[in-house]
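What follows is a set of notes on a single structure, which appears directly below.
The values are calculated or read from the model by the stated rules, or taken from the named source; none is laboratory data. Since the structure is predicted, the reported quantities are computational estimates derived from the model, not experimental observations. All Cβ positions, even for glycine, are placed from backbone atoms using ideal geometry, and neighbour counts span all protein chains on display.
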Amino acid sequence: MLTALRQLTRRGRYFLAVGGGVVVVASVLSQRDLMRIGLVLIALPLLAAALVARTRFRLAMTRGLQPSRVQAGETTTAVIRLENLSRLAHGLLLVEDSVPWELGQNQRRVMTKIDPGKRHHIRYELVGTVRGRYEIGPLNVNFVDPFGLCRVQRDFTTTDTLTVVPTVVSLPPIPLAGDWNGAGESRARSMAATGDDDVIPREYHLGDDLRRVHWKSTARSGELMVRREEQPWRAQATIVLDTRAGAHHGAGQHSSFEWAVTAVASIACHLISRGYGIRLVDIDGNALRATASVPEMLSGLDSVGVLLDCCATAAFTPGLTPAIAHTARWGQRSDGLFIAVLGELALPDADTIARLRTGHGSGFALLLNASSWSQIQYPDDARLKGAAALLTAAGWRVAVCEPDIDLGTSWRALAQAGVTAGGAR
């Protein structure tokens with residue numbers, strides 16, 4: 001009973017206070033009728049507390065999101081199912097579900113009755129306006145007496161995770177070149193130039209197809225030898241996102257950084273659809289991962305969701321100078337198709353990026369005129385043109401991006417960008 005009294009609502013406490021005051025005044029003035037009113041005011045919250053204390057408040061809850069991953073601007077539906085496990089019908093229930101401010105306000109519902117063993121479904125919609133990962137919940141349920149004088153609160157711990165990913169823009173196909181890497185037993189080799197004698201065989205294993213027997217090696221070694229399986233060919237691409245806070249301008253969804261994240265997500269999805277293996281890294285050479293279990297290399301259409309999750313959690317990194325060239329492992333993964341989405345670049349930073357394209361890899365750079373995203377524009381055309389010229393001279397194809405130019409146009413401009421003869425390596 002004492003617990004229930006501590007759970008009186010503000011209205012219940014007012015009733016007790018006013019009732020006590022009326023009783024005191026009535027006793028002084030010897031007014032019986034006024035005394036009765038005061039006693040009624042005191043009795044109501046006490047009866048409500050007794051009712052709430054005797055109520056067996058047993059509810060089961062399950063929840064879900066349909067879908068749990070949406071692009072920015074899309075809508076998802078939260079579904080909550082409440083089941084009455086007690087033998088009595090529940091009275092008035094006030095239900096509140098916690099919602100992050102980026103997705104809107106907390107959702108509140110009033111349910112008048114849930115019969116024993118029955119279920120009640122609550123549905124509401126959320127609009128993913130800002131990319132990121134958000135926890136929806138927990139659910140808070142309050143049982144209130146019919147007069148709203150006493151309230152018992154129950155909190156559920158289960159939550160849902162909503163991932164708002166960047167908007168994926170459909171990109172036109174353009175000619176791309178890069179280093180092709182294999183994943184089979186051996187490196188691919190040109191049979192036309194060297195002939196069949198250069199095939200490296202291995203010993204026969206039980207279960208190998210006899211049609212793969214290499215008879216010349218078998219006769220030479222005296223043991224049964226078979227050809228190695230040809231490795232599948234797979235193109236690989238590294239996509240770099242400029243995550244330096246000082247390299248971007250603008251605020252919120254209309255900042256140059258959000259434009260860059262959208263570009264990276266769209267390019268990665270486009271390349272995966274063309275059969276590329278994708279590696280996403282930040283300006284320091286660290287892999288962009290939504291969780292620690294995400295592999296560094298992503299490939300196949302089934303990895304698109306994981307890739308978008310990685311883009312959804314991309315954030316600024318400290319430092320003003322790109323540290324990607326100083327990454328210990330960078331020399332081992334710098335070949336192949338190399339695409340960089342860059343903010344403002346000083347000439348030394350542009351030189352650092354330019355030297356990342358090594359070997360036979362191809363370099364493509366979307367260079368953002370980041371100051372154009374700022375309300376107070378301060379164009380530095382000399383620095384922008386100098387950075388673009390330096391990248392072009394190092395063998396990169398460069399397209400300068402503006403906020404009023406759509407991503408598809410900028411992507412198409414990469415195919416038309418020229419590469420100087422001195423930069424080709």
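Conditions (1) in the same structural domain as Ile324 (by TED's automatic domain parsing); (2) at pLDDT below 85; (3) assigned to a helix (DSSP H, G or I); (4) over 24 Å from Ala72 (Cβ atoms), marked per residue:
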| site | (1), (2), (3), (4) |
| --- | --- |
| Asp197 | no, yes, yes, yes |
| Gly250 | yes, no, no, no |
| Val261 | yes, no, yes, no |
| His270 | yes, no, yes, no |
Worksheet item: Which pairs have Cβ atoms under 8 Å, sit 6 or more apart or on different chains, and link a residue in segment 108-136 that is more than 29 Å from Ala251 (Cα to Cα) and in contact (Cβ under 8 Å) with a residue 12 or more places away in the chain to one that is outside any strand (DSSP E or B) and of a type outside the set (Gly, Ala, Ser)?
Response: Pro116/Arg87; Pro116/Leu88; Gly117/Leu85
Worksheet, complete the sentence: Going through segment 272-296 in order, the residues found to be closer than 25 Å to Gly408 by Cα and either at pLDDT below 90 or touching a strand residue (DSSP E or B) at 6+ places or on another chain (Cβ under 8 Å) (or both) are Ile272, Arg274, Gly275, Tyr276, Gly277, Ile278, Arg279, Leu280, Val281, Asp282, Ile283, Leu288
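Mind checking whether some residue in segment 282-300 is in contact (Cβ under 8 Å) with a residue 40 or more places away in the chain and on the phi > 0 side of the Ramachandran plot? If you could, list the steps in order and put the result at the bottom.
Let us first name the residues in segment 282-300 that are in contact (Cβ under 8 Å) with a residue 40 or more places away in the chain, namely 282-286, 288, 290, 297, 299.
Filter once more, keeping what is on the phi > 0 side of the Ramachandran plot: 285.
There is at least one residue in segment 282-300 that is in contact (Cβ under 8 Å) with a residue 40 or more places away in the chain and on the phi > 0 side of the Ramachandran plot.
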Worksheet item: How many residues are over 30 Å from Trp411 (Cβ atoms), surrounded by fewer than 16 Cβ atoms within 10 Å (Cβ to Cβ) and either modelled with pLDDT of 90 or more or in the same structural domain as Gln253 (by TED's automatic domain parsing) (or both) if we restrict to segment 140-183?
Response: 4
Worksheet item: Which one of these does Ala424 not meet: (1) of a type outside the set (D, E, K, R); (2) assigned to a strand (DSSP E or B); (3) modelled with pLDDT under 85?
Response: (2)
Worksheet entry | Criterion: of a type outside the set (A, V, I, L, M, F, W, C), outside the structural domain of Gly73 (by TED's automatic domain parsing) and either at pLDDT 95 or above or surrounded by 22 or more Cβ atoms within 10 Å (Cβ to Cβ) (or both) - qualifying residue of Thr243, Thr313, Thr218, Thr321 | Thr243
Item to complete: Could you please let me know if Gly285 is under 30 Å from Arg212 (Cβ atoms) and assigned by TED's automatic domain parsing to the domain that holds Gly361?
Response: no
Discussion item. I need the full set of residues from segment 240-276 which are out of contact with any His (no Cβ under 6 Å at 6 or more places or on another chain) and among the aromatic types (Phe, Trp, Tyr), in order please.
Written reply: Trp259, Tyr276
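Would you check which residues across segment 70-108 are among the acidic types (Asp, Glu) and either more than 18 Å from the chain's Cα centre (by Cα) or not assigned by TED's automatic domain parsing to the domain that holds Leu126 (or both) and list them? Let's see the steps before the verdict.
Restricting attention to segment 70-108, the residues satisfying the condition of being among the acidic types (Asp, Glu) are 74, 83, 96-97, 102.
Once the filter is applied, which keeps residues that are among the acidic types (Asp, Glu) and either more than 18 Å from the chain's Cα centre (by Cα) or not assigned by TED's automatic domain parsing to the domain that holds Leu126 (or both), segment 70-108 yields Glu83, Glu96, Asp97.
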Item to complete: Determine whether segment 72-80 contains at least one residue that is among the hydroxyl-bearing types (Ser, Thr, Tyr), touching a Pro at 6+ places or on another chain (Cβ under 9 Å) and in a strand (DSSP E or B).
Response: yes
Worksheet item: Got a number for residues in segment 27-76 being farther than 25 Å from Arg13 by Cα and surrounded by 15 or more Cβ atoms within 10 Å (Cβ to Cβ)?
Response: 10
Response to the item:
Of the candidates Arg108, Arg119, Arg133, Arg123, the one satisfying the condition of being modelled with pLDDT under 90, surrounded by fewer than 17 Cβ atoms within 10 Å (Cβ to Cβ) and basic (Lys, Arg) is Arg119
